[in-house]
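What follows is a set of notes on a single structure, which appears directly below.
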Amino acid sequence: MKCPFCGDIGDKVVDSRESREGDVIRRRRQCLNDQCKKRFTSYERIEEIPYMVVKKDGTRERFERSKLVAGVLKACEKRPIKPANIDEIADRAEQILNDRPEREITGRELGAHVMSELKKLDQVAYVRFASVYRDFRDVDDFAHEVRALKGHKE
Ligand SMILES: [Zn+2]
């Protein structure tokens, strides 16, 4: 499986776990590239019913974990956040979807989930993510949010 960090193909499975319902097998993998050696997660589903994200205009697109992770990674650039933390954010997002019989989530809810997780982890990453995913009406809104964060810290 292609390593999401260095793009190498070649990994070993370090842990496999079946979900409670037995429909998803989660595998922790480790990249075999000596310079990388990072761990990532793959999912194997017996039944390929995708999770969906409902967009603002009501259209739906397939939920893609890699897309979520890419967005979070971008917000976390040069911040002291472990890849494992990002993995956990994605895990919990999938858990939310997994618990829903309708198997879908609105883009807004998904964004709110990531924002609340980042808020606990790192304020800078939170503001970065929020600036992209929340609909800040104008620059004043954004400045207000930043001030609110600063006030929160003191
Ligand atoms: Zn790698």
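The values are calculated or read from the model by the stated rules, or taken from the named source; none is laboratory data. Nothing here was measured: the structure is a model prediction, and the numbers come from that model. Cβ: placed from backbone, ideal geometry, glycine included. Neighbour counts: every protein chain shown.
Of the residues making up region 100-108, none is outside the structural domain of C6 (by TED's automatic domain parsing), more than 26 Å from R17 (Cβ to Cβ) and part of a loop (DSSP other than H, G, I, E, B).
No other residue among I25, I86, I105, I49 is within 16 Å of the ligand (Cβ to nearest atom) and among the hydrophobic types (A, V, I, L, M, F, W, C) apart from I86.
Pairs are defined by a Cβ separation below 8 Å, a sequence spacing of at least 6 or placement on different chains, a first member in region 4-22 that is over 12 Å from F40 (Cβ atoms) and in contact (Cβ under 8 Å) with a residue 12 or more places away in the chain, and a second member that is within 14 Å of the ligand (Cβ to nearest atom) and outside any strand (DSSP E or B); the pairs so defined are G10/C3; G10/L32; G10/N33. Of note, C76 satisfies the criterion of being more than 16 Å from the ligand (Cβ to nearest atom) and buried (at least 17 other Cβ atoms within 10 Å of the Cβ).
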